[in-house]
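Just so you know, all these numbers are worked out from the coordinates, no wet-lab data involved. Given the structure is predicted, the values throughout are model-derived calculations rather than measurements. Counting neighbours? That spans all protein chains shown, and the Cβs are built from the backbone with ideal geometry, glycine included.
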Amino acid sequence: MLVVLSSITTAERIKKVLATENIKSEIVQTPKIISEGGCGYSLRLSPIYEENVILAAKQLKVSIRGIYDEEGTKNNMTYNKR
């Protein structure tokens, strides 16, 4: 699952909250195909943690630009908005 955020700072803050719950996530640049308004950063993590991400964003008072399921291989990835 890919959680699209507005900045690397926001991604780092949410990642830190998730880490306190022993949830592993990875900060990645948002793929251009789903990036709204240019560059951005996303968190990649297991879809089972969707509710945890939403709660962390609410706790930090930050917005999530979108949540996407990823399908395919590294060179041929498709993104489906939840």
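Checking each residue in the range 1-35 for being acidic (Asp, Glu) and under 11 Å from the mean Cα position of the chain (by Cα) picks out Glu12, Glu26. Applying the criterion of being part of a loop (DSSP other than H, G, I, E, B) and within 11 Å of Met1 (Cβ to Cβ) to the residues of the range 36-61, the residue that is farthest from the chain's Cα centre (by Cα) is Ser46. Which of the residues spanning the range 22-36 are out of contact with any helix residue (DSSP H, G or I) (no Cβ under 6 Å at 6 or more places or on another chain) and not small (Gly, Ala, Ser)? Within the range 22-36, Asn22, Lys24, Glu26, Val28, Gln29, Thr30, Pro31, Lys32, Ile33, Ile34, Glu36 qualify. Do the conditions hold for Leu18, that is, is it touching a helix residue (DSSP H, G or I) at 6+ places or on another chain (Cβ under 7 Å), part of a helix (DSSP H, G or I) and surrounded by 13 or more Cβ atoms within 10 Å (Cβ to Cβ)? When the stated conditions are applied, Leu18 passes them. On inspection, Ile33 passes the criterion of being surrounded by fewer than 18 Cβ atoms within 10 Å (Cβ to Cβ), of a type in the set (A, V, I, L, M) and in contact with a strand residue (DSSP E or B) (Cβ under 9 Å, 6 or more places away or on another chain). Looking at Ile23, Ile64, Ile33, just one residue is in a loop (DSSP other than H, G, I, E, B), touching a Leu at 6+ places or on another chain (Cβ under 7 Å), among the aliphatic types (A, V, I, L, M) and touching a residue at least 40 places away in the same chain (Cβ under 8 Å), and that residue is Ile64.
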